[in-house]
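The values are calculated or read from the model by the stated rules, or taken from the named source; none is laboratory data. Here the structure is a predicted model, which means the values were calculated and not measured. Cβ placement follows ideal geometry from the backbone for every residue including glycine, while neighbour counts extend to all protein chains displayed. Surface areas here come from the heavy atoms of the whole protein model, side chains and all, with no ligands, DNA or RNA. Shrake-Rupley method; radii C 1.70, N 1.55, O 1.52, S 1.80 Å.
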Amino acid sequence: MPKTLAATPTTDIDPFTGLHKLPQALADISLLARQQSSTQTLGIVSLFVPPSPALYRITPEAGHHLRAALSQRVMRALRKQDRLYSVSNWEWLILLPELVSAAPLTLAMMKVRTALGDAFETLDGDHLQLDAFCGGSAWPDDGDDPIHLAQSARIARLHAASSGSGALCYQRHMDKTEAGQTRFQTALQQALSGNQENPMSLHLQPQVDLTSGACSGAEALLRWQHEDGNAVPPHHIIAALEKLGLRHSFTRWLLNQSMQCITALTEAGINIPLSVNLSASDLLDVELPDLVMQALAIWEIPAHRLLLEITETMMVEETPQVTEVLRRLRQLGLTLAIDDFGTGYAGMSYLQRLPVEEVKIDQRFVRQAVGTKRDREIIASIIQLSHRLSLKVVAEGVENQETADMLWSLGCETAQGNFFSPALSLEDFIRWYKRKQVPAT
Ligand code: C2E
Ligand code: MG
Ligand code: MG
């Protein structure tokens with residue numbers, strides 16, 4: 001690939017600058033980081049041109065022309081091996097491989113700002129002076145997660161703008177947090193590393209076959225209590241881990257714990273598949289399929305025992321990277337499910353295109369379905385369409401017998417919800433399963 005311009009037009013390319021967008025940049029950070037020698041550093045620079053009255057006054061066409069000219073100038077200031085990406089209209093990301101240390105990062109940012117110092121000629125022949133701010137982060141000093149590194153560069157760029165210095169390298173204190181927040185983060189970090197009295201764990205919620213009443217699977221749900229004794233909602237935990245740059249460690253932990261659960265279930269004679277929830281940024285991680293493959297191999301678990309849930313909203317930005325990650329996961333023999341279906345914007349056409357085998361109807365429809373005709377009709381049409389596409393349907397959030405009966409009458413084969421059981425610790429789940437298996441006398 002040339003250092004800037006894309007060879008083929010895809011949806012991942014900004015049509016006005018010809019530059020790849022953020023998902024490609026994140027994939028390239030992973031790739032380039034692996035290619036650096038032990039003495040080399042990879043620099044990541046966030047470049048931003050803040051809005052100004054003059055910039056707001058130009059036409060969209062002149063804006064595109066200006067962005068292309070600005071990109072060209074930046075490219076000329078870069079070395080052959082550097083890469084430039086378009087993040088949004090007035091934001092760019094630059095990757096600088098093979099740096100001898102983090103120090104040349106500041107020099108590179110100064111060079112870019114100098115290149116943008118002269119006025120730009122607009123389409124109308126006017127001359128426009130632009131401001132530009134840069135923030136830099138460095139692999140491996142500032143972390144190894146591509147998203148975290150890009151975020152750190154952006155945070156440094158915010159400080160560069162507010163401090164008036166124009167270009168700054170990331171430092172930890174730039175993530176200013178409240179004292180309580182820091183305590184929470186420290187506790188979370190300790191919980192993830194497992195050396196705490198109160199570690200994170202996975203609880204299992206059964207999925208029940210509505211025709212036979214048998215347990216046909218389970219979903220692994222994250223559980224962690226804060227020091228005040230309150231359960232922290234999983235979404236809150238995931239968001240905090242992402243902020244700390246610990247998504248990679250968490251995904252490894254999650255896969256490892258899931259494998260332990262599957263092994264313990266097998267040892268107890270329970271050979272059901274386990275569904276595991278992925279986070280949105282997992283799908284941007286080109287290393288995820290390898291990570292999953294290694295986990296299955298180490299634990300000697302067949303791929304059909306693991307099911308990965310992705311939510312519909314994760315797929316809204318359907319990029320070549322995301323599609324590739326999903327394709328490789330399917331290639332490993334894993335089943336993919338769309339979680340919380342019906343709540344996103346993606347719509348039914350996604351079902352046709354994505355390599356998924358299961359659809360989980362969001363509990364918001366299910367919980368009101370008995371009393372609300374409209375929700376019942378939405379459920380009925382999701383079931384019909386899914387079956388036409390040979391997809392399995394699971395309804396979530398079933399809280400009573402009436403709802404289970406209604407779902408069964410609509411043709412839904414599997415259900416999950418507190419009516420059958422809430423999520424249970426592994427030991428309690430095994431006990432619950434065995435109790436259910438005892439034939440009635
Ligand atoms: P989800 O994957 O849709 O999980 C179902 C949620 O509904 C769970 O909430 C579950 O406890 C709850 N639930 C199940 N049955 C009922 C019911 O009958 N009534 C009601 N009111 N709620 C029910 P939870 O455990 O709080 O998880 C919330 C979300 O957090 C999950 O939604 C999932 O998106 C995310 N999450 C949970 N564990 C993980 C994890 O390990 N990794 C990632 N990335 N996300 C996770
Ligand atoms: Mg789920
Ligand atoms: Mg769900």
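Within segment 59-79, name every residue whose backbone N is under 15 Å away from a label modeled 7 Å from Cα of Q35 along the Cβ vector. Label zone hits: 79.
Once you reduce segment 192-215 and segment 220-238 to the center of their Cα atoms, the two points are 14 Å from each other.
The tail of the calculated P(r) for segment 284-441 beyond 27 Å holds 33 percent of all Cα-Cα pairs. Here each label is just a point 7 Å from Cα along the line to Cβ, and for T182 and T266 those points are 4.6 nm apart. Considering the chain as a Gaussian network with a 10 Å cut-off on Cα pairs, which listed residue, R83, R223, R172, attains the greatest mean-square fluctuation? Looking only at R83, R223, R172, the largest GNM fluctuation is found for R172. Report the residue, chosen from F120, F429, F420, that carries the largest GNM mean-square fluctuation when the chain is represented by alpha-carbon nodes joined by springs under 10 Å. Per the Cα network of the chain with a 10 Å cutoff, F120 tops the list.
Considering only the Cα atoms of the chain, their convex hull presents on average a projected area of 25.4 nm². Note that segment 180-436 carries a Kirkwood radius of 19.0 Å, evaluated over its alpha carbons pair by pair.
Take every DSSP beta bridge whose two residues both sit in segment 198-281; close to 75 percent of them are antiparallel. Since only I94, F429, T182 are under comparison, the one whose Cα sits farthest along the positive direction of the charge dipole of the chain, derived from C-beta charges on Lys, Arg, Asp and Glu, is I94.
The heavy atoms of E267 present about 150 square angstrom of accessible area, all protein chains included, probe 1.4 Å.
Counted by Cβ distance under 12 Å from G117, the other residues give a net charge of +1, where Lys and Arg count +1 and Asp and Glu count -1. Rounded to the nearest 20 debye, the dipole magnitude of the chain is 480 debye, with +1 charges on Lys and Arg beta carbons, -1 on Asp and Glu beta carbons, and the Cα centre as origin.
When DSSP beta bridges are limited to those with both residues in the chain, what percentage is antiparallel, rounded to the nearest 5? Counting DSSP beta bridges with both partners in the chain, the antiparallel share is about 60 percent. Accessible surface ranking for H127, H159, H235, H226, 1.4 angstrom probe, highest first: H235, H127, H159, H226. The accessible area of F133, taken with all protein chains in place and a 1.4 Å probe, comes to roughly 40 Å².
One decimal place: the segment S349-T114 gains 79.8 nm when fully extended, by the rule 0.36 nm per residue minus the C-alpha distance.
Evaluated with a Cβ-only charge set (Lys, Arg +1; Asp, Glu -1), segment 128-222 carries a dipole of roughly 320 debye about its Cα centre, given to the nearest 20. Just add up the charged neighbours of A102: K/R +1, D/E -1, any other residue whose Cβ is under 10 Å from the Cβ of A102. Once all neighbours under 10 Å are counted, the net charge is -2. Between R388 and D144, the FRET efficiency from the beta-carbon distance, with R0 = 56 Å, is close to 0.80. Note on the chain: dipole from Cβ charges, positive end direction compared against V232, P206, Q368; the farthest Cα belongs to V232.
A simple spin-label model places the labels of S409 and D131 6.4 nm from each other, with each point 7 Å out along Cα-to-Cβ.
Here S390 sits with roughly 100 square angstrom of accessible surface, probe radius 1.4 Å. Distance between the modelled labels on R73 and N230, one decimal in nanometres: 5.0 nm (7 Å Cα→Cβ projection). Computed across segment 10-175, the Kirkwood hydrodynamic radius from all distinct Cα-Cα pairs reaches 16.0 Å.
Pairs with C-alpha atoms separated by more than 30 Å, drawn from the list K243/K373; K21/K243; K243/K434; K21/K176, are K243/K373; K243/K434. Residue by residue, segment 352-363 carries 3J(HN,Hα) couplings of 5, 8, 7, x, 9, 10, 9, 10, 9, 6, 4, 5 Hz when phi is fed to the Karplus relation 6.51 cos²θ - 1.76 cosθ + 1.60 (θ = phi - 60°); x denotes Gly or Pro. Comparing S390, S216, G63 along the charge dipole axis of the chain, the residue lying farthest to the positive side is G63, per the Cβ-charge model. Among A153, A214, A415, the residue with the largest mean-square fluctuation in a Gaussian network model of the chain, with springs joining Cα atoms closer than 10 Å, is A214. Taking Cβ atoms as reference points and 14 Å as the exclusive limit, the residues near A369 contribute a net charge of -2, counting Lys and Arg as +1 and Asp and Glu as -1. Counting only DSSP H runs of at least 4 residues, each contributing -39500 (n - 2.57), and dividing by the residue count of the chain, the helix-based mean residue ellipticity at 222 nm comes to -13000 deg cm²/dmol. Run the paramagnetic zone check for E197: 7 angstrom along Cα to Cβ, then residues of segment 204-236 with backbone nitrogen under 16 Å. It comes to 225-230, nothing else.
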